[in-house]
1. Which of the residues belonging to the range 38-61 are more than 16 Å from G87 (Cβ to Cβ) and free of Cβ contacts under 8 Å to residues at least 40 places away in the same chain?
2. Assess whether R35 counts as being touching a residue at least 40 places away in the same chain (Cβ under 8 Å), crowded, with 19+ Cβ neighbours inside 10 Å and of a type outside the set (V, I, T).
3. If you check every pair at least six apart or on different chains, which have Cβ atoms under 8 Å apart with a residue in the range 75-96 that is of a type outside the set (A, V, I, L, M, F, W, C) first and a residue that is assigned to a loop (DSSP other than H, G, I, E, B) second?
4. List pairs: first residue in the range 3-14 and more than 20 Å from D46 (Cα to Cα), second residue in a strand (DSSP E or B) anywhere in the structure, Cβ distance under 7 angstrom, at least six positions apart or on different chains.
5. Out of L44, L109, which single residue is under 23 Å from L155 (Cβ atoms) and surrounded by 13 or more Cβ atoms within 10 Å (Cβ to Cβ)?
Amino acid sequence: MNGDVIEIVRASVHDVPAIAALVERYVRRGEVLPRPPEDIYQSLRDWIVAKQHGEVVGCGSLVILWADMAEIRSLVVAPERQGMGIGRQIVSALLADAAALEIPRVIALTRRPAFFAKLGFVEVPRASLPRKIWKDCIHCTKFAGCDEVAMVYQLPLQAQDQHNATLARAKVAIYATRE
């Protein structure tokens with residue numbers, strides 16, 4: 001990599017220690033939930049990293065919650081690299097993953113709603129989200145007094161149409177195999 005180029009790539013096993021250390025910086029500040037290395041290894045396929053000169057300077061993960069919803073988690077950028085568009089690039093990569101998987105809605109629980117709003121997310125009442133998304137919240141020090149804002153990104157209609165077409169093809173395939 002030349003100069004100050006930021007590379008957005010899928011995380012590898014070699015990135016896990018750096019991801020865990022970066023996330024831990026924000027855990028200590030009370031900004032994200034803990035993600036110990038063993039959890040990161042087990043969910044490694046969900047993670048995207050931003051690298052500069054081979055160093056992990058940002059990360060985030062996309063967790064599939066259901067057929068129609070995924071969640072962006074642990075989106076963090078090294079404090080000294082903030083303001084460079086790295087978070088935006090990571091979110092864009094995660095949204096592209098959701099589109100490729102034909103997941104029409106992506107949520108984020110955040111204390112920085114203005115950041116997500118700039119990227120097309122819309123604030124929604126937390127109570128409007130399914131209860132299953134709160135299962136990790138018991139690990140949060142702010143569980144009883146949650147101050148996160150629920151944000152939702154609705155993939156463009158084209159992505160939703162592709163999702164519906166895929167479901168229709170799957171139904172046809174199921175009926176065809178029953179005959």
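1. E38, D39, I40, Y41, Q42, S43, L44, R45, D46, E55
2. Against the criterion (touching a residue at least 40 places away in the same chain (Cβ under 8 Å), crowded, with 19+ Cβ neighbours inside 10 Å and of a type outside the set (V, I, T)), R35 does not qualify.
3. Matching pairs, first to second residue: G85/I6; R88/L119; Q89/I6; S92/L119.
4. If the second residue must be in a strand (DSSP E or B), the pairs left are D4/Q52.
5. Only one candidate passes the filter, namely L109.
To keep it simple, each residue is scored yes or no on (1) modelled with pLDDT under 95; (2) over 12 Å from the mean Cα position of the chain (by Cα).
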residue: D46; (1), (2): no, no
residue: K51; (1), (2): no, yes
residue: V56; (1), (2): no, yes
residue: C59; (1), (2): no, no
residue: W66; (1), (2): yes, yes
residue: V76; (1), (2): no, no
residue: M84; (1), (2): yes, yes
residue: G87; (1), (2): no, no
residue: I90; (1), (2): no, no
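The values are calculated or read from the model by the stated rules, or taken from the named source; none is laboratory data. Just so you know, these numbers come straight off a predicted model, no measurement behind them. So basically every Cβ, Gly included, is an ideal-geometry build from the backbone, and we count neighbours across all protein chains shown.
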